[in-house]
Structure formats: structure tokens, C-alpha cells
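Reviewing the structure listed below.
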Amino acid sequence: MLVTARSCLRLTLLVLWTALTACALSGRAQARPPAAAPVHYRLEIPAPHRQYVHVTMEVEAPGERSTRVAMPAWTPGSYLVRDFGRHVYDLTAEDRRGRALATERLDKQTWRIDHGGRPFVVRYRVFAGEASVRTSHVDDRHASLVGTSVFLYVVGQLRRPAEVEIALPPGWSAHTALEAAGGDASTARLRAPDYDALVDAPIELGTPSVQTFTQGDATFDYVLTGAEGTAIDADRLVADAARVVRAQGELMGGFPFDRYVFLMRVSEQGGGGLEHANSTSMMMRRSAFDTDDGYDRAARLVAHEFFHLWNVKRIHDRALGPFDYTRENHSQLLWLHEGFTETMEGHSLLRAGLVEPERFVVDLGRRFTRYLQKPGRNHDPITSLSFDAWIKAYQPAANHPNVAISYYEKGDLLGIALDLELRLRAAAQGQQGSLPGMFRRLMTSHGSKGRGITMADVIAAASAEAGQDMRAFFEHHVEGTEEVPLAELLPRIGVAVQASAPWLDADGRPLPRLSRQQRKDRLWTGLSLTDEARVHNVVPGSPADAAGLMLDDELVAVGELRVRTREQALDRLSDHAPGDTVRVTLFRDGRLVQQDLTLAESEARTYRFSLVPAAELPAEVLQLRTAWLGGA
């Protein structure tokens, strides 16, 4: 190789530039913390009766001059913006030497920390004064911590691991599905692989009773808070939960975890449940357990929340994970995630032997009757009701009953109808199909692989179970507004369906003499009244609507007779027959108004479902019914 003096100079300069660049890059890399550097949180509750959680958050600076931290606006599983940032107080920041750093609140939930590229510490307090499964609550006996209302996150870095240290008040212990990382009697230490996992595991602090049981290779903790000094039978609660766990494990082919935690809190007020990947948070009133019905409700609550570990935590709409914690995460599949979970709740209770088939069928008739009495049940497709849940379901306007229905309620009935369709269609081809089978397929194809689902995936799984294309069912009843075909399907599986009305005889003819209550039941006005005889709802297209009655009208007379209450108004209306026109007098915004109301006959029917005697059924129908009501 021929080397000249000029080329030597160029080579020397190139080597020098390369070395300097490498040193600069090396120094920059050393200044930047590892990508997996955890965010460390320390929680303290120095005065539980004041209901504040003191939080210290330590962050290895990512290299930028400033960093944004934020509090979620909502918590997964509860589809309402709650703006948890409003409960954050006294936020300050400093470097590791204790020198104050400039902070600025950018919006309702976000703060900017100017740290100059150095590690920094954020200190703040969270007020925990709302007792529910969706919010954090602290008092002198316990603390229930919902992660989305306690832990700030580093914006853009949700994948960073988290370490949590909790200074325990004297005598308290910590209970959560988070992985333990050491600790002692005074300090709990926990860790999570990322922020999503951190806030998907509520933490219960206090002195609860804890019972542990196993099923297969999994361990289950049942943590009961607030039952001290009561006659609540904790053993019964745990035994019922164990039966539900076993039934659902059998239905779904095992559990996708090694450990699961039930957090049950009983109190004077509140109720409900919220699902998490490896735990659930539940609340019930203490007074509920004064009767056996309270234990039945607790078993139903467990059955619902536990099945969520598959349906929504692992089998979930693509829109529901990874989460955007700053705003609504709209989904068109809440009818599946919540409504069909209600259906599977019933399946598992039947399989566990906690509900008898006869009772289940009778109760189904009552539920179907209540459903048919709701005027808004088919106003919009249930996909739209799901999407709009954030702004309508949990913030209902006055017209809500006329334009909507709970996607839990309608979704449950649709789930039962789909289950029957799958069983009947598959059986016609000599195969077996069911709603549980559909969920097993979705778990295999998507849930176990961390893949979100779409409507097309649900239809494909249902079609595979039925052995034929199920698209029409979803087009008509899910994406469309056709009536739930329950009354048509049940007789095909050995359930008798009877529709009746209190003023009709067995042949559907009006009774010759009617009682006062029967006359009330026979009339239809489309009018709903409060106890004080104020108009609470007017059904569109009803006689009351045609008469021009409005929300908040105050009825003061029917005909020439004064009325002061709802019962008085109904009594006076029942003095008349369908087809009669009655003058009603009311106050509207302080003005006296009179309207003529033409009464109609009610088309409402009471549905009674019952089991056809086994001896009267063909063998194949009896086999289908036995499998369905056996929770198979």
C-alpha cells in the first residue's frame, strides 16, 4: 500500500476524531441509566385517621433535562374518568442531595420536573377518602390502595419496572398479588415488571383474616377485612369461593397463574367488585350477611370477578391494553367482557352446585321479564352502548331509560341465547359446542399469547364452536337491535315458556272481575312517577307522550280528584279503563297545566320459565339441557 504524508495526516485526524466521538458517546451512555432501571416508591401512612398516603417516588433520570410524571385519569375495569390527579397534594421534587427542583403542573394530571438530567425524587400526598373498589380508602383500621390513584408514572416509560416499599403502621400487614421482595414486620417490599402490572394489583393493609386454599397447582388467598366482631361466617365464604374456583378451573382447563388473591371488604356502605389479572377487590355491606342471601351474593360476586381473569384480563379487546391512562379507552366489546362474564358466572355457580337448575331457570324468567319492561333496550346496538359507556352508562341523562340499557343486563341474556344457539347448532351436526368452549378457543388463540381480540375473532370462535357460520347472530343481535331470542330458544332445550298478565285468564282472555291492583296492571300510560307524583320518565310514543306530559311535571289532580303521591295517582287512573280519556292537572315550572291523557292497555307480560319433566323430553334434548344446566 502506498502511503503519502497527506494520507498519513488524514488517517491520524480520522483516528483522533473517531476516538473522541467514541469517548463522547461512551460518556453519554454512562450518564444514561439502564433502560430497565426501576422506579422506586415508598408509601407511608403516618396518621391513618387523616386518610393521607405519603408517597416518595425516586426516578433514575432518562437523560433529558426534564421529565413529566402523571397520575391516571381512570382505573382499568371501571369505565369512567375519575381524574385521580385531583387527590394529589403538596407535590415537590428534589435531587438526591435534597436540593429543590423546579416543578410545573401542566394539566389536571401531569407535572414537569426540571432535573437537569440527574436522578430525582418526587414527594406528594394522596387523599384516600372514598370507600369503593375503584378508589383508595384509608381509615384507622385499614388501607385499601388502588394503584392508579396512588402511583404516579413516568410519561412515556410505562415499561419500567417498579419497586414498592411500604412503611406499615404498627400491627398491620400487607396483602396483594404483587411479588414480594423481602420485608419484615414493619416494612413490606414489593415489585412489578412494569407500571401496568403495578396498578393491576390492589394492596390491602391492616389486620384482616386470611385463609389459603389450593386448587391444582395454584394457591389462593382469601383476605377478609372488616368482619371483626361480627357473626360473618368466613369459613363459608372461603368454601364457596373454593367451589367456584374449582368449577371455573375445570371449565377453562386450569389457571394461567401460580397465585391469586381475593380481597373482600365488608363495611356499612358500598359494594361491588373490580377485576385484576391475579386478584380481585370486592366490597359488600355487613348487613348483607344477616341472611343466607348475602352469602349467595358473595358467591355470585366471586364467580363474576374470578372469570374476569380470563375474560377481559387475558381475552380482551385490543382497545383495552396496553392502556392509555390519560383518557377514555373506548371499546365496542363490553357486552362480551361484562355481559358474557355474567353468563359465565351463572355457568360456574351451576357447575359448583351453588345454584340449583330449577332456581336458575325460574330466576331467568324473572330477569327476562324485567328486561322486556325497559323501553330503551333495543334503541341502539349493544356495541354502541359499550362504546358510549364512558359518557352515558355512568353519567346517565334524564332520558337514559328510553335510549339505553345496561350492557351487563342485555349482554348476559345475549350470552345465554348464544350459548343455546351454539349447543343446538353443534348438536344438529353431531358435535359439541358452547359458550365456555368459545372462551376456551379465544384463550388458546389470543389470551395465552397476549393478543387483543376484535369482533371478527369472537365471531370466528363462535362459528368454530357451532360448526357453522354465526355471523348472522351477531349482525342481528349485537351489531343490530333485534330482540334477544331467548323465548324462542328455551323450548328447544327442554324449558317451558309461559307468558301471562295479571288481568288475563289461562287462555289469554280478560278476567270478568279485576281487583284494584289488576286494574293498575292492565293500564299503560308510559308514565313513571316518583313517590311525590313527579314525572320521572315518559316513554316515547306512549299515551303520556301523546298527551304532552314532560319530565318533572308535578301531578296534582286526576279528573276532579286531588293526588299527592304516586299511589294516589295510580289509584285514580285505575278508576278508568283502557280507551278512556282522563284530564290530568299538573304544575310545570310553577304554572298550572291541564292535559288530556288517553289510557291504553298494557302489552307487558310476565314470563315464567320451568323445566319440562325429563320423561317428556327426547333423549338428545335432555342431554343438551343436562349439559347446559350442569355448567358444562
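Size estimate for region 457-510 follows the Kirkwood approach: the inverse of mean 1/r over distinct Cα pairs works out to 13.9 Å.
In terms of overall dimensions, the C-alpha atoms belonging to region 208-297 reach 37, 22, 20 Å along their principal axes, ordered largest to smallest. The fewest-to-most ranking of 405, 166 by surrounding Cβ atoms within 10 Å reads 405, 166. For region 386-474, the equivalent ellipsoid derived from the alpha-carbon gyration tensor has semi-axes of 29, 17, 10 Å in decreasing order. In region 334-495, the convex hull through the Cα atoms has an average projected area of 10.0 nm², a quarter of its surface area. In degrees from 0 to 90, rounded to the nearest 10, what is the angle of the helix 357-372 Cα long axis to the longest principal axis of the chain? Compared with the principal axis, the helix lies near 90 degrees. Cβ crowding within 10 Å, taken as a proxy for footprinting-reagent exposure, orders 407, 222 from fewest neighbours to most as 222, 407.
On full extension, the segment bounded by residue 395 and residue 65 gains 114.7 nm, given 0.36 nm per residue less the C-alpha separation. Electrostatic tally near residue 547: other residues with Cβ closer than 13 Å to its Cβ, Lys and Arg +1, Asp and Glu -1, net -2. Normalising the Debye intensity of region 533-604 to I(0), with uniform scatterers on Cα atoms only, and taking log10 at q = 0.13, 0.23, 0.28 Å⁻¹ returns -0.33, -1.10, -1.60. Descending by average beta-carbon neighbour count within 10 Å, the peptides 246-252, 42-48 line up as 246-252, 42-48, the highest first. Expressed as a whole percent, the proportion of Cα-Cα pairs in region 126-268 lying more than 18 Å apart is 62%. Helix 234-252 and the longest principal axis of the C-alpha atoms of the chain enclose an angle of approximately 80°. Between 417, 431, 395, the Cα set farthest toward the positive side of the dipole of region 393-452 (charges on each charged residue's Cβ, about the Cα centre) is that of 431. For residue 470, neighbours were defined as the other residues whose beta-carbon sits under 14 Å from its Cβ, and their charges (Lys and Arg +1, Asp and Glu -1) total -3. Between the Cα long axis of helix 619-629 and the first principal axis of the chain there is an angle of about 60°, rounded to the nearest 10. Provide the FRET efficiency to the nearest 0.05 for the residue 159-residue 86 pair, computing r from the beta carbons and using R0 = 25 Å. FRET efficiency, residue 159 to residue 86: 0.40. P(r) tail for region 434-544: Cα pairs beyond 24 Å make up 58% of the total. For trypsin sites (Lys or Arg not before Pro), the sites in region 532-617 that DSSP calls loop and that have at most 14 other Cβ atoms within 10 Å are 564. Legend: ranking of residues 449, 392 from fewest to most surrounding C-beta atoms inside 10 Å; resulting order 449, 392. Normalised by residue count, the chain yields a Cα convex hull volume of 251 Å³ per residue.
No lab work stands behind these numbers, since they all come straight from the coordinates. Everything numeric in this text was worked out from a predicted model, so none of it was measured. Neighbour counts are summed over all protein chains in view; Cβ atoms, including those assigned to glycine, are modelled from backbone coordinates with ideal geometry.
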